[in-house]
Amino acid sequence: MKQSTRALLLAAAGAAIALASAALGTARSAPPPQGTRVASVNLRRILDKLQERQEFEMQLQAMVRQFEGERDAKKKKFDAAAKDVAAMPEGPERQDKVEAIILEQFEFDQWGNARLSDLDLERSLMWRNIYRNMRSEAAKLAENEGYDFVVMDDGADDITANRDIKMPLEQQVAGELHRRQMLYASPANDLTDKLIVRMNNARAAGEQPSTPPTGGAK
């Protein structure tokens, strides 16, 4: 009875060792799990070479030139009217003209502020459109290249401060330091140039939606 029990125990132990060996062999032969892959892109380089931004900048510059032309014409007309009123003798007619010029000055200022607000809106739309397209093309590129994340490289190697800015130098440097998100990015995992090519090609093919300036209120 004792020998039978001992034999059973030895058989069970042998089976356990065999199963453990098989499991170990399987674990050794299985490929190691693939780690998370992270790539980076340099925002400054992208914006410098992005066709979309260049097109928007040209359109916005045209809007600025139009605004400046209209502003100068209105101001010239206003200055001429003010000069004529200044040469008028005192009296009710001159007072009416003065009040009309004051109202015209107010309307001119309101018009200028409205146009500047329009330009600010168009610039915000430009940046939002660029950001949406950048995210879209970065996702496609990451999928093609086998990356799990694409992060933004801050780009600059050093932090500088400007004495001409009305802010303590220490505060400038500390603020810039807090804004930095990346200390190092391997050039081997830099997708900047590939992303620029993708975005420019998509723009040329009409795959990226264009958001031309609306012109705002006149």
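The values are calculated or read from the model by the stated rules, or taken from the named source; none is laboratory data. Fair warning: this is a prediction, and the values are worked out from it, not measured in the lab. Virtual Cβ from ideal backbone geometry, glycine too; neighbours counted across all protein chains shown. To get the accessible areas, we keep the full protein, side chains included, count just its heavy atoms, and leave off ligands, DNA and RNA. Shrake-Rupley method; radii C 1.70, N 1.55, O 1.52, S 1.80 Å.
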(request) Please tell me if residue 159 is free of Cβ contacts under 8 Å to residues at least 12 places away in the same chain and among the hydrophobic types (A, V, I, L, M, F, W, C). (result) no
(request) Could you look through region 165-188, keep only residues that are among the charged types (D, E, K, R) and outside any loop (DSSP other than H, G, I, E, B), and pick out the one that is surrounded by the most Cβ atoms within 10 Å (Cβ to Cβ)? (result) 176
(message) Tell me yes or no: at least one residue of region 110-123 is hydroxyl-bearing (Ser, Thr, Tyr), open to solvent by 50 Å² or more (accessible area, probe 1.4 Å) and free of Cβ contacts under 8 Å to residues at least 12 places away in the same chain.
(response) no
(request) Filter region 124-164 down to the residues that are modelled with pLDDT of 90 or more and among the basic types (Lys, Arg), then identify the one that is most open to solvent (accessible area, probe 1.4 Å). (result) 135
(request) Quick one: count up the residues across region 28-56 that are assigned to a loop (DSSP other than H, G, I, E, B) and either on the phi > 0 side of the Ramachandran plot or modelled with pLDDT of 90 or more (or both). (result) 2
(request) Please state which one of 59, 95 is in contact (Cβ under 8 Å) with a residue 40 or more places away in the chain and either part of a helix (DSSP H, G or I) or over 26 Å from residue 47 (Cα atoms) (or both). (result) 59
(request) Would you please name the residue that is nearest to residue 196 (Cα to Cα), looking only at residues in region 128-159 that are among the aliphatic types (A, V, I, L, M) and assigned to a loop (DSSP other than H, G, I, E, B)? (result) 156
